[in-house]
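For reference, the structure discussed in these notes is given below.
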Amino acid sequence: MCNFAPQKSKIRKLPIIGMGQLQEKYKHYREPQKFMEADVYPYFRAIEGKQGTEVEMGGHKVLMFGSNAYTGLTGDQRIIDAAKAALDKYGSGCAGSRFLNGTLDLHVQLEKEIAEFIGKDDCLCFSTGFSVNQGVLAMVVGKDDYIICDDRDHASIVDGRRLSFAKQLHTSTTIWKTWSACFRNCLRRPSSSSLSTVSFLWRATSPSCLRSLS
């Protein structure tokens, strides 16, 4: 006969924070409002038309320096017409994730054409660059592996690193000796895989980018 006597839980009980406590904590927080009143608050400003090198904001044109539309195709009429045709055929959404019922034949066709263009067997498209780093990093390394981290990795890379549960070795792209030490550390563990995440090739604060702007 088995004895299933309950054991004492080792889980530490955390204090429960009620909505009233949260409201009390933040009701006097007015930092965003201060910047809004000074008209220097940079977030959630409404754009009133197509994205481009210039955009409509507040009824007048302003220069756009923060766009991620690197190809400049968001306002291309051919893309707009193709999107309209896709809406007529497929509707306004996939009604599910790619993993389950959200993969369209358009996704398969796009991935096949991209793979052929770059000379690979296959590829997988993500809806955002943020989700690429979250999804891929967590799959290629695991808890027994190492990630050599750039000290200025993008937030999406940081999230992907955490989701992988890999051991993280932090270093700086400006101090190459630290990179060398990290690589030597990984080579001493041949049974583990190592991955290097580097952001300095594209970030706007890199010395090469600043030199090109000067």
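Structure summary
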{"read-out": "Flag if R152 is within 13 Å of the chain's Cα centre (by Cα), basic (K, R) and not assigned by TED's automatic domain parsing to the domain that holds L87", "value": "no"}
{"read-out": "Among (1) more than 29 Å from S127 (Cβ to Cβ); (2) modelled with pLDDT under 90, the one test that A38 misses", "value": "(2)"}
{"read-out": "Number of the condition not met by D159 [criteria: (1) touching a residue at least 24 places away in the same chain (Cβ under 8 Å); (2) among the charged types (D, E, K, R); (3) within 29 Å of T53 (Cα to Cα)]", "value": "(3)"}
{"read-out": "Residues (of a type in the set (S, T, Y) and loosely packed, with under 10 Cβ neighbours inside 10 Å) located in the stretch 21-59", "value": "Y26, Y29, Y43"}
{"read-out": "Among the candidates S156, S199, residue that is buried (at least 16 other Cβ atoms within 10 Å of the Cβ), at pLDDT below 65, within 21 Å of A69 (Cβ to Cβ) and not β-branched (V, I, T)", "value": "S199"}
{"read-out": "Evaluation of R161 against (1) at pLDDT 90 or above; (2) under 16 Å from the mean Cα position of the chain (by Cα) (one fails), failing number", "value": "(1)"}
{"read-out": "Some residue of the stretch 57-77 being charged (D, E, K, R), touching a Ser or Thr at 6+ places or on another chain (Cβ under 7 Å) and under 23 Å from L106 (Cβ atoms)", "value": "no"}
{"read-out": "Flag if L106 is out of contact with any helix residue (DSSP H, G or I) (no Cβ under 8 Å at 6 or more places or on another chain) and not assigned by TED's automatic domain parsing to the domain that holds S156", "value": "no"}
{"read-out": "Residue in the stretch 60-68 that is surrounded by 10 or more Cβ atoms within 10 Å (Cβ to Cβ), within 30 Å of M36 (Cα to Cα) and more than 23 Å from the chain's Cα centre (by Cα) present", "value": "yes"}
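The values are calculated or read from the model by the stated rules, or taken from the named source; none is laboratory data. A quick note: this is a predicted structure, and the numbers were derived from the prediction, not measured. So basically every Cβ, Gly included, is an ideal-geometry build from the backbone, and we count neighbours across all protein chains shown.
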